[in-house]
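Notes to accompany the following structure.
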């Protein structure tokens, strides 16, 4: 009833090229950002920020990065965790070796290192596709896991590759309490979400999608497959690397290579499949689903006062979580983003039938 | 080629079938292992004409188009486009030189909207880089709008305004063929290769498609190489026709000549021995 476009006429192409074309959408998004920036840091508890919102934001960012590669360019990658690790370790190394570098630059440079590594491991994509490419990115995961564990120079000779960051500050402002870290992550997520959206709605994104949908036709139109695939790898690894650096610096504080294992790669892949391949907003939905659902499942039995032992609760959680993913993928293979857009289409007409 | 008003166009274009030779193929042979797809084929295409390639199934028609736009590389033969000899060339280079095409089995980008598909056709003309796209401010936005205007002209021309935001996977077959033509037209090609643009269409859709092909040829002066099985259509709209059979050329000339060529009749109807 309130979600109407009546009277909203687009009189110029600038208006038609907006990300949020409906006025209500723009208002809602601005309100959401305002709440996230102003109200959440004031109201949310330390636990909520540290254990839920910060991981959610950082994993959303990683999911956006992976979605560019898998969802938009159609190149399956199982090495996301490794690219996150490259971002985290590179940023950490820069901080340790050149302490003068500010945190922001450290993280962005970490992202650039991940870009370089991502492009190198993206080269097989010029010859391989589908499952074979997935296996070759799996090699990236195993190789980098091994590298951070076994090459002492990469971790400044610390035992078993575990490293920790000291006190953080952002251009003189301290980054200690949960809300400060939260806002820092939020800034990254908002900026990179806008950048990602801009990329996928312009020529760059159209080239990626053309390669994904029909690479021979893309070549005949004049798209260079190598360029399109490698830019997708580069942009994707950059964002993933930045999110890895944030994960290490903001969320973990101290970590070892295991934090970025194959499990992480699969977790991110699940996020974008559940959230919606080829959708920026879907990356957020997927991250929310994967981060929030286990927390909800842990707390539900307690709400009903069910006396479950801890073991049983954990097992139940796994069972329900797994079956939900399966059911969900059968019911809606295009993910939460598709449900979201169907819902909006319906809402445009509601309460009228047409 | 300009996308201009119908009244102001076509004045300077040469009469059909009498223009300069813009594409010249000499002694083309193409083999896949032991299979000879094309054997010693020579023909040329003149500026601003509609040149049809016909022949029974498996005659090598689509292979011929693939040779012209660089998807296949013939083992023997020479290709001159606009007077320059082409060496082994990739499809991207052919596209940059002004050769666009449509495919026999629709090769649209199924996950993208009609608008995005046709915008993709202009990608060679868009010069902004990744970083400008990322910010989408100033030049990138200006460029996007400039090309959007051109694409809207193509959309108007093909009368598909109502479906511009529909994902192409959801469109019926006839409209998908039209969108594919739109994507090729968006590149403003000099030479347009159409691989069975009317296959699987009903009479009305065929008439529409014929009209579009003739209009493209008339208004924009685009040279067209056409593969088609509907002989009525081919004989009506072509200036000259090449006939292939088992990878060899068995006829070449104006539609009337070709129609009465005994070899062609034999290839299509068989002969009594």
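The values are calculated or read from the model by the stated rules, or taken from the named source; none is laboratory data. Predicted model only: the values in this text are computed from it and were never measured. Positions of Cβ are backbone-derived with ideal geometry, glycine not excepted, and every protein chain shown enters the neighbour counts.
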(request) Go through (1) within 19 Å of residue B:123 (Cβ to Cβ); (2) not in a strand (DSSP E or B) and name the single condition residue B:192 misses. (result) (2)
(message) From the list A:74, A:65, exactly one residue is under 22 Å from the mean Cα position of the chain (by Cα), in a loop (DSSP other than H, G, I, E, B) and in contact (Cβ under 8 Å) with a residue 40 or more places away in the chain. Which is it?
(response) A:74
(message) Name the single residue that is surrounded by the fewest Cβ atoms within 10 Å (Cβ to Cβ) among those in region B:103-112 being more than 8 Å from chain A (Cβ to nearest Cβ) and touching a helix residue (DSSP H, G or I) at 6+ places or on another chain (Cβ under 7 Å).
(response) B:104
(message) Any residue at all in region B:80-88 that's closer than 26 Å to residue B:196 by Cβ and buried (at least 16 other Cβ atoms within 10 Å of the Cβ)?
(response) yes
(request) Name, by its number, the condition in (1) under 22 Å from residue B:221 (Cα atoms); (2) in a helix (DSSP H, G or I); (3) under 22 Å from the mean Cα position of the chain (by Cα); (4) at the interface with chain A (Cβ under 9 Å from one of its Cβ atoms) that does not hold for residue B:149. (result) (3)
(request) Hey, can you tell me all the residues within region B:73-98 that are in contact with a helix residue (DSSP H, G or I) (Cβ under 6 Å, 6 or more places away or on another chain) and farther than 18 Å from residue B:192 by Cα? (result) B:74
(message) more than 14 Å from residue B:186 (Cα to Cα) and within 7 Å of another protein chain (Cβ to nearest Cβ): is that true of residue B:70 in this structure?
(response) no
(message) For region A:125-141, which positions are in a helix (DSSP H, G or I) and surrounded by 14 or more Cβ atoms within 10 Å (Cβ to Cβ)?
(response) A:125, A:133, A:134, A:136, A:137, A:138, A:139, A:140, A:141
(request) Read through the list (1) buried (at least 21 other Cβ atoms within 10 Å of the Cβ); (2) in contact with a strand residue (DSSP E or B) (Cβ under 7 Å, 6 or more places away or on another chain), then give the number of the only condition that residue B:70 fails. (result) (2)
(message) Of everything in region B:126-146, what is facing chain A (nearest Cβ under 7 Å), within 16 Å of residue A:197 (Cα to Cα) and not in a helix (DSSP H, G or I)? Give them in sequence order.
(response) B:136
(message) Can you say whether residue B:100 is buried (at least 22 other Cβ atoms within 10 Å of the Cβ), facing chain A (nearest Cβ under 9 Å) and assigned to a strand (DSSP E or B), as far as the supplied structure shows?
(response) yes
(request) Report those helices (runs of 4 or more DSSP H) wholly inside region A:203-271 carrying at least 3 residues which are at the interface with chain B (Cβ under 10 Å from one of its Cβ atoms) and touching a residue at least 24 places away in the same chain (Cβ under 8 Å). (result) A:203-213, A:225-246
(request) Using the structure shown, decide if residue B:251 is within 21 Å of residue B:23 (Cα to Cα), crowded, with 20+ Cβ neighbours inside 10 Å, touching a strand residue (DSSP E or B) at 6+ places or on another chain (Cβ under 6 Å) and without any contact (Cβ under 8 Å) to a residue 60 or more places away in the chain. (result) yes
(request) Within region A:32-43, identify whether any single residue is within 14 Å of another protein chain (Cβ to nearest Cβ) and touching a helix residue (DSSP H, G or I) at 6+ places or on another chain (Cβ under 6 Å), and answer yes or no. (result) no
(request) Output the qualifying pairs, or none if there are none: Cβ atoms under 7 angstrom, residues six or more apart or on different chains, first residue in region A:23-34 and modelled with pLDDT under 90, second residue surrounded by 13 or more Cβ atoms within 10 Å (Cβ to Cβ). (result) A:24/A:3
(request) Determine whether residue B:115 is facing another protein chain (nearest Cβ under 10 Å) and at pLDDT 95 or above. (result) yes
(message) Being in contact (Cβ under 8 Å) with a residue 24 or more places away in the chain and closer than 25 Å to residue A:171 by Cα: is that true of residue A:99 here?
(response) no
(message) Filter region A:1-15 down to the residues that are touching a helix residue (DSSP H, G or I) at 6+ places or on another chain (Cβ under 8 Å) and free of Cβ contacts under 8 Å to residues at least 60 places away in the same chain and list them by number.
(response) A:2, A:8, A:10, A:13, A:14
(request) State all residues of region A:181-202 that are in a helix (DSSP H, G or I) and more than 22 Å from residue A:259 (Cβ to Cβ); if no residue qualifies, say none. (result) A:183, A:187, A:190, A:191, A:193, A:194, A:195, A:196, A:197, A:198, A:199, A:200
